[in-house]
C-alpha cells in the first residue's frame, strides 16, 4: 500500500512542490489549504486529495485530519508547512498581527501535531516534519517576531523527540534559506502601518535582502530535502536546506556571537 503524507499550506510554494513530488514518487497526498479551489493544478494527480484547512482554527484542523483518515486508513508523515513572515520593528506591531503570526506559525503547528499524534502512536509510528527556516536557527534584522515563531518551532521539535521517540514517532525540522516563491510577496507581511523611526534602516535591510535573491533555492529543491527527511529512516533532527542557509549556519557556528553580529551589521548596512 502506498504511504500517505498530510501537508499543510499546500496551495503554493514549498507545500505545493512537496505535494507534487510525493505524488510523483508513488505516495498518496492529503494536500490541505485554506482555499482548495485555488489548487486546480493539483487535481490532475489522482493520488492527491485537496482539503480545506485553516491551521488557526482548531475545528478546521480536526475536520481535515478526520477527512484524511477517512480517505486512507493510515497517515505516515505530517508535513507542517503552513506559515508566513512578519517583517518590521517589534515596536510597531499591533496585537492582532502579533497574535496572528503565532497562531499560524506556532499554534497551528501544535494543533496538527496534537491531532495526528494519537493516530501515529496507535498505528505504531510516524514522522512529523516541521518547516522552520534558517530564521529558526539564526537571527537577522527586523524579523524578531518571525524568528520568535521559528525558533519556537525548532525548540518544540527538539523537545518532542524525547517524548515521542518511545512510540516510534520521529520529529524532524527542515530549515530552508531563501526560497524563490511568493513568500516575500503574498506571504510576507509588515508590522508597520505607516511611517516609523526605523524607516531608513528598514530600507537598507530590504535592499540587502533583495540582493540575496540570486542565491535562493527553488521550491522543488526544498521539496527534495523534505522527501529525504521523510524517507531516510534516520534519527537526524535538522536538515538545513539551500546553499545560502548552509553557508550562513556554518558561519554562525564557527564565529563568535560578537563577530557574527558585526558581520550582519555590515552586510545589511546597519553600521553606518
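The numbers here are math on the coordinates, done by the rules we state, and not lab data. Since this is a predicted model, take the numbers as computed values, not measurements. Positions of Cβ are backbone-derived with ideal geometry, glycine not excepted, and every protein chain shown enters the neighbour counts.
So how long is each side of segment 1-140 along the principal axes, counting just the alpha-carbon atoms, biggest first, in Å?
So the extents along the principal axes, rounded to whole Å, are 52, 33, 29.
Among 225, 61, which comes first, second and so on when ranked by fewest other beta-carbon atoms within 10 Å?
225, 61
Taking Cα atoms, how many degrees apart are the long axis of helix 58-71 and the longest axis of the chain, rounded to 10 and kept between 0 and 90?
Approximately 40 degrees, to the nearest 10.
For segment 101-175, take every pair of Cα atoms, bin their distances at 5 Å starting from 0, and report each bin as a whole percent.
Per 5 Å bin, starting at zero, the Cα-Cα P(r) for segment 101-175 comes out as 3, 17, 27, 23, 14, 9, 4, 2, 0 percent.
Using the Cα atoms of segment 35-76, I'd like the radius of gyration and the largest Cα-Cα distance, Dmax, both in angstrom.
Cα only, segment 35-76: 11.2, 29 Å (Rg, Dmax).
What is the chain's relative contact order, in percent, from Cα pairs under 8 angstrom and six or more apart in sequence?
Normalised by residue count, the contact order of the chain is 19 percent.
Using the number of other C-beta atoms within 10 angstrom as an exposure proxy, rank 240, 93 with the fewest first.
Exposure proxy ranking, most exposed first: 93, 240.
Springs between alpha-carbon atoms under 10 Å, Gaussian network over the chain: tell me which of 115, 241, 175 tops the mean-square fluctuations.
Ranking 115, 241, 175 by mean-square fluctuation puts 115 first.
Could you work out [θ]222 nm for the chain from helices alone, using -39500 (n - 2.57) per DSSP H run of at least four and dividing by all its residues? Round to the nearest 500 deg cm²/dmol.
Value at 222 nm, helices only: -14000 deg cm²/dmol.
Using alpha carbons only, how many angstrom separate the centre of segment 87-101 from the centre of segment 111-169?
If you average the Cα positions of each part, the centres end up 23 Å apart.
Under a GNM of the chain (C-alpha, springs under 10 Å), which listed residue has the highest mean-square fluctuation: 194, 178, 126?
Highest fluctuation of the listed residues: 194.
Which whole-number value in Å³ per residue fits the convex hull of the alpha carbons of segment 65-140?
Roughly 101 Å³ of hull volume per residue.
Taking a cut-off of 32 Å, what percent of all Cα-Cα pairs in the chain are separated by more than that?
So the pairs more than 32 Å apart make up 23 percent of the total in the chain.
List 119, 147, 43 from most exposed to least, where exposure is judged by having the fewest other Cβ atoms within 10 Å.
In order of increasing Cβ crowding within 10 Å: 43, 119, 147.
How far, in degrees from 0 to 90, does helix 219-231 lean away from the longest principal axis of the Cα atoms of the chain, to the nearest 10?
Roughly 50 degrees between the two axes.
Could you tell me the center-to-center distance, by alpha carbons, between segment 10-81 and segment 185-256 in angstrom?
If we compute the Cα centre of each part, the gap is 24 Å.
Between the helical axis of 199-211 and the dominant principal axis of the chain, each derived from Cα atoms, what acute angle in degrees is found, rounded to the nearest 10?
So the helix axis and the longest Cα principal axis differ by about 60 degrees.
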